[in-house]
Amino acid sequence: MSNKQKSLTQKVKTAKVVRRIIISTFLFTTVFTGTLLVSEIFILPRLTRVEIEGSANSVSDVQQYHSDLTASLSKLEQERNFYVLPLQNELFSAMKEIKYGQKDYVIQKEMLGKAADDFFMEGERVVFLYSMHFDAQDSTLEVRGDVRNVGPRSMTILAQFTESVRSLPFVSSVQNPRFSREYSEELGAYSPFVLRIHTQ
């Protein structure tokens with residue numbers, strides 16, 4: 001066999017090998033691509049669906065759900081921080097003022113109670129306080145009560161108690177009560193009163 005024939009035979013063999021490689025690669029690529037497409041369209045959606053709140057969701061739906069939850073969580077955290085972090089909330093300053101005012105109110109209530117306790121006639125207490133209402137915005141204290149157990153002197157004792165309240169250190173001014181004397185079978189003669197106290 002001549003060199004030309006050997007060379008030609010070698011080229012034919014090489015061409016057959018290359019053709020087989022190309023055909024094998026093409027078949028593999030076709031089958032692999034087809035398998036991926038089939039799994040992407042029919043198999044993976046069934047395997048990758050996630051159940052949330054009773055409904056099945058795809059991966060893209062879950063990603064959107066996660067994004068929505070993250071945005072909602074961020075908004076709720078901002079609202080929480082607005083109310084929890086006091087320095088960012090104007091309401092906190094107002095609440096602090098009310099709180100400090102209530103502390104003053106406790107002290108004022110004790111001082112008024114002591115002022116009432118100072119009035120005794122024949123071993124009986126004569127000035128009784130029913131209620132106290134403190135208005136922090138107006139810095140006013142409304143005190144309701146009555147004077148009893150002193151017979152016809154109830155209005156005189158009420159005037160003395162009013163002057164005693166006026167001398168307390170936290171009092172700026174006192175609106176005089178309406179002086180009256182009433183009678184009941186339970187209390188006898190008594191003088192109900194409402195004191196409106198402006199605090200300092």
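The values are calculated or read from the model by the stated rules, or taken from the named source; none is laboratory data. Since the structure is predicted, the reported quantities are computational estimates derived from the model, not experimental observations. No Cβ is skipped: glycine too gets one built from the backbone with ideal geometry, and neighbour counts run over all protein chains shown.
For the reader, a short list of remarks on this structure follows.
- Residue list for region 108-139, restricted to those being farther than 20 Å from Phe179 by Cα, under 38 Å from the mean Cα position of the chain (by Cα) and assigned to a strand (DSSP E or B): His133, Phe134, Asp135
- No other residue among Val59, Val84, Val31, Val50 is more than 30 Å from Val143 (Cβ to Cβ), among the hydrophobic types (A, V, I, L, M, F, W, C) and modelled with pLDDT of 80 or more apart from Val31.
- Set Glu142, Glu186: member being without any contact (Cβ under 8 Å) to a residue 12 or more places away in the chain and either exposed (fewer than 14 other Cβ atoms within 10 Å of the Cβ) or part of a strand (DSSP E or B) (or both): Glu186
- The C-beta contact set for region 111-124 (first residue within 10 Å of Phe161 (Cα to Cα), second residue not in a helix (DSSP H, G or I), distance under 6 angstrom, 6+ apart or interchain) comprises Ala116/Val127; Ala116/Leu129; Phe119/Val126; Phe119/Val127.
Rundown of residues vs (1) at pLDDT 90 or above; (2) in contact with a strand residue (DSSP E or B) (Cβ under 9 Å, 6 or more places away or on another chain); (3) closer than 30 Å to Gln78 by Cα, yes/no style:
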| site | (1), (2), (3) |
| --- | --- |
| Glu97 | no, no, yes |
| Asp104 | no, yes, no |
| Ala116 | yes, yes, no |
| Val147 | yes, yes, no |
| Pro152 | no, yes, no |
| Ala159 | yes, no, no |
| Phe170 | no, yes, no |
| Ser173 | yes, yes, no |
| Gly188 | no, no, no |
